[in-house]
């Protein structure tokens, strides 16, 4: 018996993914660098099932049907390169290496080129949904060597999550690093979604003085409307969870957030491509600030600010919060999609934006009803330049606008930090402004560095320099943008 696919890496994700593959009728060969994990799995969760245990890469490859498909679920970075070099000598032309980890997309671009130079095919696929998603149906975002897709399509789409009509949350994303880029943006949006939900919770608790039972009920209600999503659902559950002493567990968790780097990568990529990814950027910095716990404790004793006090209509403010959350979420996705559009131009990827929304519609951490509306927006207008210009999202944000302003202003006046609510609103106001103060900025640049400027009364592309002090010469700096 030969296996349909081989997997290296029997950690949480790998073990659950191969159980998912086997349950869909595929025979899977498994290998782990610590080989006793292979025996433990074969004699444990894999017992009596269609698995082939391998104690070496050579043995793993020998057990596979041609073209051989070897998938790695190992730690991103050097371990991936190391395994690629260990696998290549055992493969033949047309065989496929798959990286299912959270690799940085420039690495995937480089690895695709390297593996193809050896006569082999390469896939870098984002896999989202955590442990449960891997077992029951993740969202999968594959990219790499186009010729590889037909050979893995049946396996990937069989194990992926499905939306209501049975469509799998997995399709080919694009060339080389496209799959891992889209997964990176997914994770950046995840950072933003988690932060705005946390800001809403913090205002409920510290400004409105709501009990955990009240907050639990509010999130439960929100999850039955247009905010229906996995992250709202788990927030509802967290707020209803009590520790052994009957107290809310969430309040016993130290307020220092960890991160694995994908949100940071998203922000750096946005800076490199010149895209204003402000909400996701602020969500990364919010985690960084949370990690500075000791100095924040000192600052809280040394620096005073307003004491939160709410005097308005509590029920009305909760509805304002719901609308502010929706509007901020729309901005986050608008910025994320803008980043993908710019990357597609930069790297010559042919991305299907409606298809990406569908891939995120189920199985992944940011899955939500809302994504169906994004798919509709791009189905209606494939060349849509920004989600805020789609009629549905434009209407939603305009409807939420007053509530959004009220939430941000109230938080500011009460000294409660809401970095993502505020940055989302600031982006919205900047985006809808025909004029911004960049004319002053360009004048400053020309004054101190002769960087030139364009004029409103002259054609675009014509640049001017002024001798602002009378002491400068006529020489201007060359005009360029990073």
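Please treat every number below as a calculation from the coordinates, not as lab data. If you're wondering where the values come from, they're calculated on a predicted model, not measured in any experiment. Heads up, the Cβs are rebuilt from the backbone with ideal geometry, glycines too, and the neighbour counts pull from every protein chain shown.
Working from Cα pairs under 8 Å separated by at least six residues, relative contact order for segment 26-155 is 18 percent. DSSP assigns beta bridges within the chain; of those with both partners inside it, close to 30 percent run antiparallel. Axis angle, to the nearest 10 degrees, between helix 419-431 and the longest C-alpha principal axis of the chain: 70 degrees.
Model label points for residue 302 and residue 241, set 7 angstrom from Cα along the Cα-to-Cβ axis, are 3.6 nm apart. Roughly what angle does helix 438-449 make with the longest principal axis of the chain, taking Cα atoms, 0 to 90 degrees, to the nearest 10? The angle comes out near 90 degrees.
Take every Cα-Cα pair in segment 1-80 and report what % of them are more than 15 Å apart. Above the 15 Å cut-off, segment 1-80 has 49 percent of its Cα pairs. Under the shape rule built on the C-alpha gyration tensor, where the axes satisfy a ≥ b ≥ c, segment 382-453 is oblate, since a/c reaches at least 1.5 while a/b does not exceed b/c.
Which percent, nearest 5, of DSSP beta bridges in segment 86-233 are antiparallel?
Details: 7 of 14 bridges.
Roughly 50 percent of the beta bridges in segment 86-233 run antiparallel, per DSSP.
Of the residues 298, 15, 214, the one with the fewest other Cβ atoms within 10 Å heads the list, and the complete ranking is 298, 214, 15. The Cα center of segment 150-214 and the Cα center of segment 226-279 differ in position by 12 Å.
Dimensions of segment 41-111 based on its C-alpha atoms, expressed as ranges along the principal axes with the largest first, amount to 41, 27, 16 Å.
Label sites at residue 392 and residue 376, each approximated as a point 7 angstrom past Cα along Cα to Cβ, lie 0.4 nm apart.
Here the convex hull built on the C-alpha positions of segment 214-343 has a volume of 172 cubic angstrom per residue.
Given axes a ≥ b ≥ c from the Cα gyration tensor, I'd like to know whether segment 194-264 is rounded (a/c under 1.5), prolate (a/b larger than b/c) or oblate.
Working: a/c = 1.58, a/b = 1.10, b/c = 1.43.
In terms of gyration-tensor shape, oblate.
Any chance you could run the full-extension gain for residue 369 through residue 202? It's 0.36 nm times the residue separation minus the Cα-Cα distance, nm to one decimal.
Details: separation 167, 0.36 × 167 = 60.12 nm, distance 2.43 nm.
That works out to 57.7 nm of additional length.
In the distance distribution for segment 124-248, Cα-Cα pairs more than 26 Å apart total 38 percent.
Let me check against my output: what whole-number percent is the relative contact order of the chain, with C-alpha pairs under 8 Å and at least 6 apart? The partial results should precede the final answer.
Details: 815 pairs, mean separation 59.7, N = 482.
Value for the chain: 12 percent.
If you take the square roots of the eigenvalues of the alpha-carbon gyration tensor of segment 92-160 and sort them as a ≥ b ≥ c, do you get rounded (a/c under 1.5), prolate (a/b over b/c) or oblate?
Values: a/c = 2.90, a/b = 1.56, b/c = 1.86.
Oblate is the answer for segment 92-160, as a/c is 1.5 or above yet b/c matches or exceeds a/b.
The orientation-averaged projection of the convex hull spanning the C-alpha atoms of the chain amounts to 29.2 square nanometres. Between residue 432 and residue 56, the FRET efficiency estimated from the beta carbon spacing at R0 = 41 angstrom works out to 0.10.
Tell me the relative contact order for segment 309-408 as a rounded percent, counting alpha carbon contacts under 8 Å between residues six or more apart. Before the final figure, lay out the partial values.
Numbers: 87 pairs, mean separation 41.5, N = 100.
Value for segment 309-408: 42 percent.
Each of 404, 468, 265 was scored by other Cβ atoms within 10 Å of its Cβ. Arranged with the fewest first, they read 468, 265, 404.
Write down Rg/Rh for segment 5-159, rounded to two decimals, with Rg from the C-alpha atoms and Rh from the Kirkwood relation over Cα pairs. Don't jump to the answer; show the numbers that get you there.
Values: Rg = 14.1 Å, Rh = 15.2 Å.
With Rg and the Kirkwood Rh in hand, the quotient comes to 0.92.
If one puts a single equal scatterer on every Cα of segment 285-372 and applies the Debye formula without solvent, what log₁₀ I(q)/I(0) results at q = 0.12 Å⁻¹? Log-scaled intensity ratios, in q order: -0.70.
At q = 0.13, 0.14, 0.20, 0.26 Å⁻¹ the log10 of I(q)/I(0) for segment 228-289 amounts to -0.53, -0.60, -0.90, -1.05, computed by Debye summation with a single uniform scatterer per C-alpha, solvent ignored. Any chance you could give the angle, 0 to 90 degrees and rounded to 10, that helix 105-117 forms with the longest Cα principal axis of the chain? On a 0 to 90 degree scale, this one is about 40.
Sorted fewest first by neighbouring Cβ atoms within 10 angstrom, 295, 234 come out as 295, 234. The simple Förster model, with R0 at 60 Å and r as the Cβ-Cβ distance, assigns residue 457 and residue 292 a FRET efficiency of 0.75. Extending 7 Å from Cα along the Cβ direction at residue 116 and again at residue 440 yields two label points whose distance is 4.9 nm.
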